[in-house]
Structure formats: structure tokens, C-alpha cells
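Participant: Take this structure, written in C-alpha cells, and hold onto it; I'll ask about it next.
The values are calculated or read from the model by the stated rules, or taken from the named source; none is laboratory data. Given the structure is predicted, the values throughout are model-derived calculations rather than measurements. Cβ placement follows ideal geometry from the backbone for every residue including glycine, while neighbour counts extend to all protein chains displayed.
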Amino acid sequence: MEHLGLLLPVVDLTSAVVFAVTGALVASRKSLDIVGFMWLAVVTGVGGGSVRDMLLDLPVFWIETPSIVIACLVAATVVHFTWHLVESRYRLILWLDAAGMALVTIAGTAKGLDAGVGAVVAVAMGVITASVGGILRDVLGQEASVIMRREIYVTAALCGAVAYVLTLALSSDRYVAAVIGAATAFMLRVLALTLGWSLPVYRPRESSTRANGGSDR
Amino acid sequence: MEHLGLLLPVVDLTSAVVFAVTGALVASRKSLDIVGFMWLAVVTGVGGGSVRDMLLDLPVFWIETPSIVIACLVAATVVHFTWHLVESRYRLILWLDAAGMALVTIAGTAKGLDAGVGAVVAVAMGVITASVGGILRDVLGQEASVIMRREIYVTAALCGAVAYVLTLALSSDRYVAAVIGAATAFMLRVLALTLGWSLPVYRPRESSTRANGGSDR
Amino acid sequence: MEHLGLLLPVVDLTSAVVFAVTGALVASRKSLDIVGFMWLAVVTGVGGGSVRDMLLDLPVFWIETPSIVIACLVAATVVHFTWHLVESRYRLILWLDAAGMALVTIAGTAKGLDAGVGAVVAVAMGVITASVGGILRDVLGQEASVIMRREIYVTAALCGAVAYVLTLALSSDRYVAAVIGAATAFMLRVLALTLGWSLPVYRPRESSTRANGGSDR
């Protein structure tokens, strides 16, 4: 019954650290002190998984495995003191973040399936694990959140989770399904980054509607 | 012991869809893509009930009943593709939202009572169910939240929940109490919308106090 | 095994009221109505402890003890109607807040230890209890949150929690540890307030990096 049982701790740790680095990046952009780095790193690193575990009424993963929190704190400290040495931080962080997103999407979906929920809720858990940490980071860091920006991010997580669940239904080999799901999420995100892809946005019917938008409610 | 047991699933579904539509409205105002519509619709639709269930340590309602999430996703999709056909969206959505708010206030209060909490906490659960989804929607959509706007919204939910608990204490007929509670919340909200009611706001004693407000902390 | 068992309810109530007053202060600054005061007071008063309890999968403290919510509502009402009588509100509130922060840091850390978690997670629980209520207050009130401001606040809570855990490891007298921990947090915060202390902030290596910061991601 255990989906990806052995890989989950490794994925949890790796992706928490990657997400923590993106949190520390926002902290560096806002010129915060080291405790601000730590706070944003930990919230980004473990926020998505915490909400997932509380929704599923499972023990929260970092309370069971405090080394994940310590790893986030170390990541925050390292970024605080050495980040200025790293060139071209922007590209690097986006690629790492894409990899982390792909991994936790599958890990979150698998954890949902392990908890006995159906496919729809499991996919929701994958998307929540992948995006809630970043959303909390952006709300706390007062940046436009990943939902508001026109990028393929949540979409990539959603497609990866769906690909994982579908492959699992067809093949029942969970490692194959995990590789296909994670590759789907990662490649969609990387292609979107590289090619500047985005989904079509909602457009009001006429300009007058938009002009009235601000006072709509 | 079951308060409104049979009606709860219907109310949960109906009000989640209504709230989801208000989430999709914010997404349309922000010109998001369809995944942004879906995300805001689901968060607004199930956010309040999720927080209520986690606080009460009950199974989260949409994990037990995934069709609610699917209904929110369908609502988001329909709004994304057909909203421009609907005239006078502003009024419609406010009336629907008032009805949804009235329903979930009572459903949330009843769920609290079913869980064995006292009247004060049950009223708090009603208010949380009615308002947290909208608050999350406004924070994620970067709009002034319902708390900051000077409208009778949380107040209407509060009065409806109190009316429900009081009527229940007097009559013990929970359907009568539910009708009275929901009618109180709905009518207060609709009257406030129609007549432009609002509560008096806090005013600083002298203008110098206000002038200093920005640097106060 | 019970850490500070007898003192916890008193600390929970006292600090919830103090935090509630800081929530009501933000409501007064935003000229909200009395329900807005109540909402911000309750969220600030019980938000940190609620998140702590949900993360630890413990019963949420104010659901067990509704008088804490009532106390927050009373505090909101009193502030709404009498605040203009109080002179020099700024200083008073900062000192009260420092005391509340110090108390709940220790109470939150102790509750974590009681729940059987290790030192790192217990310290995290102390910091979460001390800061999440204020963070929710600032996000909902649309103010720069305590994380973004350059003050010793989370740092003081962190040091207090660490001092408590360390003293406990050395002396095993939990009252001595609580006094030392709370004093550490309180004095650090008060000294920071009095002397204008802050931690060094992250500085980009060269001005060109900063100039590009806004378009970084």
C-alpha cells in the first residue's frame, strides 16, 4: 500500500531545502535580517506539506522529522552569508524550484493516496504541497503571489499530479508513475520558463467592463 | 444529537459553489488564467469549512466529499468561459453570496454544536465558516478583505449564528432555528446592501492622533 | 511530565488579551467598526496558539476554554469605546506586547515539550505561538508584518525559547527555566525597543544587483 515509502523522506528533505532557498531569496530581496531569512525559509520549506498533513489529519511531517527544519535553517543561514558569491542567482533558483515543485507534487499526491483518499483529493494534495509554501512566502514577503502571476506553475503541478495518478491507474508501478509524473511537472515548468509560456487570461468583454472593475464590489 | 444532519451536505455543496463563484469573480477582475480561477474558486469555496474542521479536529468536509471540490472546479470553468454573457454580474453575485453566507453560517454553527462545543465556540465556528473563505480569497487576490471594508458581512453572520443558537435554546426545533438564523443573516446582509448600512467606525479623538497613525508602530 | 501545567491557563488567558489589544489597536488605526475590532482581536489573541495546537494535533486551546475568546471580545469592545482616553498608547502597547510575547513563547515551548516533541520543534512551537497571531493581524490589517520590519521580535522569542529549553536541560526545574526564558525574551525585546536595536540586514553585493532586484523573478 505504501506509495513511494522509501523515497518520501529524501524528497521531503530535498524539496524543503530547495523551497527554503527560494524563501531566503525573497528575504534577501527585501533586505531582511537573518531571523527574517530563517522564518521565510522555514515557512516556504515546510508550509505546503504542513497544510497537506493538517488537512489529511496526519502527523505533520517536520514534527516527526525535525532535521527538515534544521536543514531549512541551515539553508537560510548559508544563503544569508554566501548568496552574494553566487552568480546568476535568478536562473539557478528557478530551475531548482522547478525540480523541488515536481518532487513534492508527486510526494504530496502519493501521501494523499497512502492516506486513503480518492484521486481528486490526492491531486489536490499534490498541488497544495507544491504551491502553498510559495504562496505563504509571497503573502508574508508582500510579493505578487504565484497565483496572481501569469506563469505555468500551479498548472505544472496539477498536470504532474494528474499524470502520476493516471499512470498509476494504468501500470500500478509506482516508481514508473512517479518518474512520469515528476517529469511532466518539471518539463512543463521548465518549458514555460524557457519559452515564456502562459495560459490565456480572462478578458472582460468590453473595455467599459474593465474600467468599472475597480469599483465592482 | 445531529443538528441539521440531512441538510448539511446540500448546504455544504450549494454554498461552496456560490463562494467559488465569488472567488472566480475576483479571478476575472484580476485577469487570471483558468488555473488561477480554479485556485481562487476552490480556496473561497472550501476555505472557511476547512479551517472550521481543522479547528474542531473533525475530518475536513471536502476530503470526505470530493464532489464539492469538483463542483467548485466546474463553477470556476463555467465562470471563466461564460461570465461575459451574464449581465449585471455585480448585483447577482452579491445576492448569491448573501444566501451562501447565511447558509454556511448556520451549517457551521450546527457542525460546532454537533461536535459538542458550547454556544460561544459554535457561534465562532459559524462566523469562521462564513468569512474565512472570503478572507483567503481577498488576501490571495490582493483585495481589501471583508474585514477592512465597512460593510455588514461578518456582523450579519454573527447575528445569524447567535439567532440560531438562541432559538435552539428556546424551541429545540432545529429546523425552525435554522430558518430563523439563516433568515436573520440573509436579511441583515441584504438590507445592508440595499440601504448601504454600516456600523459606526472607530474615530481617533483628535486629528493629530490620526496624523501620527502611520508611524505609530 | 507536565511542564508549567498550572500556569498555562493563566498565561494563555493573559497573553491572549494582550495580543487582542494589539489587534484592536490595528483595527483602530484602520478605523474599523466594532466587529472588525473583534475579528482582529480574536485572530491576534488566539491565532498563534491555534496554529501551534493544530500542528501538534492537540485540541485547540480556546475551543477547550471558550472564556479566552470571550476575554478577547471584551478587550476589543473596551478598546473600541475607551481607547481615546488612554494617553501615550504607543509605548504602553509595546510593553504589554513584549510581556505577552515572552509569556506565550515559554507557554508554547512548554506545550510542545509536553506533547513529546524534541527541543527543535518545541522551540519552533514557542516562536509560532509568539508570532503567528501578530503575523495574521498584520496580513489581515494590511500592515507590514513583523517579519518584514527590522525589529528584534521573532529573535527575542527565539532566544527566550532556546534559553528555556537549555535551562531545563541543565536544571530540570521548570519554573526556574520558565522565568529565565521569559526574562530573556522580554528583556531582549525591551532593550531592542529602548535602544533601537536591530540585526544587520542582508545587503546585495553591489548596487547593480539591487537595481535589478525588482525584476528578479
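Participant: Would you mind finding the one in B:ALA130, B:ALA144 that is of a type outside the set (S, T, N, Q), under 20 Å from C:ALA41 (Cα atoms) and surrounded by fewer than 22 Cβ atoms within 10 Å (Cβ to Cβ)?
Facilitator: Answer to the selection: B:ALA144.
Participant: Within the stretch A:136-154, how many residues turn out to be in contact (Cβ under 8 Å) with a residue 24 or more places away in the chain, touching a Phe, Trp or Tyr at 6+ places or on another chain (Cβ under 9 Å) and within 18 Å of B:ILE34 (Cβ to Cβ)?
Facilitator: Matching residues across the stretch A:136-154 total 3.
Participant: Out of curiosity, is A:ALA144 farther than 25 Å from A:ALA20 by Cβ and over 15 Å from the mean Cα position of the chain (by Cα)?
Facilitator: no
Participant: Any residue that is away from chain C (no Cβ under 14 Å) and either farther than 18 Å from B:ALA192 by Cβ or small (Gly, Ala, Ser) (or both) - is there at least one of those in the stretch B:110-121?
Facilitator: yes
Participant: Moving on to the next point. Tell me which of these C:LYS111 doesn't satisfy, since it passes every other one: (1) under 14 Å from A:PRO66 (Cβ atoms); (2) touching a residue at least 12 places away in the same chain (Cβ under 8 Å).
Facilitator: (1)
Participant: In the stretch A:163-179, what residues are surrounded by 19 or more Cβ atoms within 10 Å (Cβ to Cβ) and of a type outside the set (Phe, Trp, Tyr)?
Facilitator: Correct list: A:ALA163, A:VAL165, A:THR167, A:LEU168, A:ARG174, A:ALA177, A:ALA178.
Participant: Hey, another quick one. Find the residue count for the stretch A:23-39, including only residues that are more than 7 Å from chain C (Cβ to nearest Cβ) and surrounded by fewer than 24 Cβ atoms within 10 Å (Cβ to Cβ).
Facilitator: The qualifying residues number 1.
Participant: Restricting attention to the stretch B:155-171, report how many residues are within 12 Å of chain C (Cβ to nearest Cβ), under 8 Å from B:ALA185 (Cβ atoms) and touching a residue at least 40 places away in the same chain (Cβ under 8 Å).
Facilitator: Final tally of qualifying residues: 2.
Participant: Hey, another quick one. Is there any pair with a first residue in the stretch B:57-81 that is at pLDDT below 95 and buried (at least 19 other Cβ atoms within 10 Å of the Cβ) and a second that is among the β-branched types (Val, Ile, Thr) and not in a helix (DSSP H, G or I) whose Cβ atoms are under 7 Å apart and which are 6 or more apart or on different chains, and what are they?
Facilitator: Note: pairs meeting the criteria are B:ILE63/A:VAL117.
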